[in-house]
Amino acid sequence: MAGMHAMVLDRPRTALTMRERALPVAGAGELLIAVSACGVCRTDLHVVDGELEHPKLPIVPGHEVVGRVLRIGAGVGGFTLGERVGVPWVGATCGVCPYCRADAENLCDTPIFTGYTRDGGYATHMTADARFCFPLGESGDDAEIAPWLCAGLIGWRSYRMAGEGKTLGLYGFGAAAHILAQVAAWQGRRIFAFTRKGDTSAQDFARSLGATWAGASEELPPELLDAAIIFAPVGALVPAALKAVKKGGRVVCGGIHMSDIPSFPYSLLWEERHVMSVANLTRVDAREFLAVAPQAGVKCEVTRYPLARANEALADLREGRLTGAAVLIP
Ligand SMILES: [Zn+2]
Ligand SMILES: [Zn+2]
């Protein structure tokens, strides 16, 4: 029987281990995909570090998957063998709950998440619900496109929630921010990048991607901003960002997990400032971003790791040692 390899998490707060498994079968409605690249997202860290509860265990993490269709399950239309596809964080939604019916499938009551409640892309092969697989065309490098599947898509949803303002702060200049900075520059918006204090390489990186200003998260920008998106999982950034936005400004929390938000004076929220979170993504977000990113000429800065070195990639992300995005290559 043909086999596959996967990096498997048996229990939170332990290292992933390489396992050999039988090649999965593409069930009805599914694709079997030969993975060519899988990005490493901060959400994977939250799964591995036990900050997201009740993962399927053992679990193969990974939800920024680029691969090629190897088998097509019964009842699936619209895909061809060998076609390049992407698999995102949302692996399936129910289609019948009040949220799914209201075009808010990102809030589905019984969702399935790739690399969290079903096996993901830290592997040579995986199956996925074809309804949540997206054709990627042939232009662009697999590894450089992989971060689009989460950092790009959820970044895009956060960006849309931030509104139409011309000045946008980005707190945490990692994978998502470096993609959005390029989209924002292409749209003629001005980006203000906030990083850890003293992280001059991240600040230089932000300026190289067109950021108008870059500085430490504790600093105030040179002018008040229309909106800010927080990608770093640090609750203290919420009051910091509220100080940096104008009256009526929006602060969007783009991550799935954050440390507690410290109490802050009501005056920071007063004057119709908003604080909101972004959860997951819809297929509409995915189609929009996958159309916009090539037009905007989005280029991801990636560090490639062989699949077997997934633990090292996770550690580098945890310790903030990366510029751009980590991508595993099976
Ligand atoms: Zn639903
Ligand atoms: Zn993610």
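Every number in this text was worked out from the coordinates using simple rules, so none of it is lab data. Computed from a predicted structure; not experimentally measured. We place every Cβ from the backbone using ideal geometry, glycine too, and count neighbours over all the protein chains shown.
Brief remarks follow.
- Per-bin percent of Cα-Cα distances, segment 152-261 [5 Å]: 2, 14, 28, 28, 21, 6, 1
- With a Förster radius of 51 Å applied to the beta-carbon distance between residue 97 and residue 272, the computed FRET efficiency rounds to 0.95.
- Dimensions in Å of the chain - Rg and Dmax from alpha carbons: 19.3, 65
- Segment residue 299..residue 287, full-extension length gain: 2.5 nm, with 0.36 nm per residue of separation and the alpha-carbon distance subtracted.
- Remark on segment 58-99: ratio of C-alpha radius of gyration to 2.2 N^0.38 Å is 1.44.
- Over all distinct Cα-Cα pairs of segment 99-168, the Kirkwood formula returns a hydrodynamic radius of 14.7 Å.
- Prolate/oblate/rounded call for segment 41-161, Cα gyration tensor, a/c under 1.5 rounded: rounded
- With Cα atoms, 0 to 90° folded angle of helix 151-161 axis to the chain main axis: 40 degrees
- Calculated FRET efficiency for the pair residue 160/residue 138, C-beta based, R₀ 25 Å, to 0.05: 0.35
- Which listed pairs, of 56/246; 197/299; 166/197, have C-alpha distances above 31 Å, in listed order: 56/246
- Segment 231-247-segment 1-49 distance, computed between alpha-carbon centres (Å): 35 Å
- Mean-position separation - Cα centroids, segment 143-206 and segment 301-318, in angstrom: 21 Å
- Volume per residue of the convex hull around the Cα atoms, evaluated for segment 175-327, comes out as 132 Å³.
- Relative contact order, whole percent, for the chain stands at 19, derived from Cα pairs under 8 Å and 6 or more residues apart.
- Residue 53/residue 223 FRET efficiency (R0 35 Å; Cβ-Cβ; nearest 0.05): 0.30
- Of 289, 259, 235, farthest towards positive along the dipole that unit charges on Lys, Arg, Asp, Glu beta carbons give segment 217-314: 289
- Volume per residue that the Cα convex hull of segment 238-330 spans, once the total is divided by residue count, Å³: 163 Å³
- Once Rg and the Kirkwood radius are both taken over the C-alpha atoms of segment 1-64, their ratio Rg/Rh works out to 0.98.
- Of the GluC sites (Glu not before Pro) found in segment 35-101, those that fall in a DSSP loop while having at most 11 other beta-carbon atoms within 10 Å are 53.
- MRE, 222 nm, helices only [DSSP H, n ≥ 4, -39500 (n - 2.57), over the chain, to nearest 500]: -6500 deg cm²/dmol
- Neighbour-limited loop hits for trypsin sites (Lys or Arg not before Pro), segment 185-246 (at most 14 other Cβ within 10 Å; DSSP other than H, G, I, E, B): 197
- In terms of its C-alpha gyration tensor, segment 176-224 comes out oblate, because a/c is 1.5 or above while a/b does not outweigh b/c.
- Fewest-first ranking of 234, 66, using other Cβ atoms within 10 Å as the exposure measure: 234, 66
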